[in-house]
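Undergrad: What follows is a structure written as structure tokens; I'll ask about it next.
The values are calculated or read from the model by the stated rules, or taken from the named source; none is laboratory data. Treat the numbers as computed from the prediction; the structure is a model and nothing was measured. Cβ atoms come from the backbone with ideal geometry, glycine included; neighbour counts cover every protein chain shown.
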Amino acid sequence: MRVIKFFTSFDRIDMQLKYVTLNPFSFRRFLSWVYRYPGVKEILLDTGVDTLFNPEFKGLMDYPSWYLSDYLKVVSYLDRIIARKFNAKIFAVIPDIPADYPGRGHLYPWNVKRTIEYIQYFVEKIVHRFQNITFIPVVQGAKDSITSVVNTYRKYYDLYKRFQIVAVGPTCTTLKYKKLS
């Protein structure tokens, strides 16, 4: 039997949640929340691309080095402190490059290539350093193009098969819901 879990943001919610999502931009607020409501079972650390690649960061194509450093500090804290103190299962998304947000469509297919580079880097340098983190790579493609996502997955299957969970990237802004099922 499959178990369905709904992860939600803890932000501005004053109650216990079992499955929460956060990103580096909400991490400090998360720490305050989790110590007030310590019953969290699973945590999904997202990259926060909706904030980072927001139009206010005009022209930002890729993650700045300061962001990647901050992201890894959050991963480390979740691994060393939160997973152990709260006996919580931690998932962390490997940074990916979306092309589905407004003004980013021109990044395809570069976004796929760059996302694969991040996954390879994490496999080689990062994943083995964290015992309590399940890393999740993202299969990227073009906006509203399931074919591009499937092609990416097939082309890089040997890389994706190393992970327990794989995420589908260009889904945040789609209006073609039926194609995603």
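Undergrad: Mind telling me which of the residues Val123, Val127 ends up being at pLDDT 95 or above, part of a helix (DSSP H, G or I), aliphatic (A, V, I, L, M) and in contact with a Lys or Arg (Cβ under 7 Å, 6 or more places away or on another chain)? I'd like the intermediate steps shown before the answer.
TA: Working: Val127 fails: in contact with a Lys or Arg (Cβ under 7 Å, 6 or more places away or on another chain).
None of the other options fit; the residue is Val123.
Undergrad: Identify the residue in the range 144-173 that is in contact with a Lys or Arg (Cβ under 8 Å, 6 or more places away or on another chain) and surrounded by 15 or more Cβ atoms within 10 Å (Cβ to Cβ) and, among all such residues, is modelled with the lowest pLDDT.
TA: The qualifying residue modelled with the lowest pLDDT is Pro170.
Undergrad: Could I ask something else about it? Quick check: anything in the range 131-142 surrounded by fewer than 17 Cβ atoms within 10 Å (Cβ to Cβ), under 18 Å from the mean Cα position of the chain (by Cα) and not in a loop (DSSP other than H, G, I, E, B)?
TA: yes
Undergrad: Which condition number does Val127 fail, the rest of (1) surrounded by 15 or more Cβ atoms within 10 Å (Cβ to Cβ); (2) β-branched (Val, Ile, Thr); (3) touching a residue at least 24 places away in the same chain (Cβ under 8 Å) being met?
TA: All conditions are met except number (3).
Undergrad: Here's something else I'd like to know. Is there any pair linking a residue in the range 155-181 that is closer than 13 Å to Asp100 by Cβ and among the β-branched types (Val, Ile, Thr) to one that is at pLDDT 95 or above and surrounded by 15 or more Cβ atoms within 10 Å (Cβ to Cβ), with Cβ under 6 Å and at least six apart or on different chains, and which?
TA: Val168/Val139
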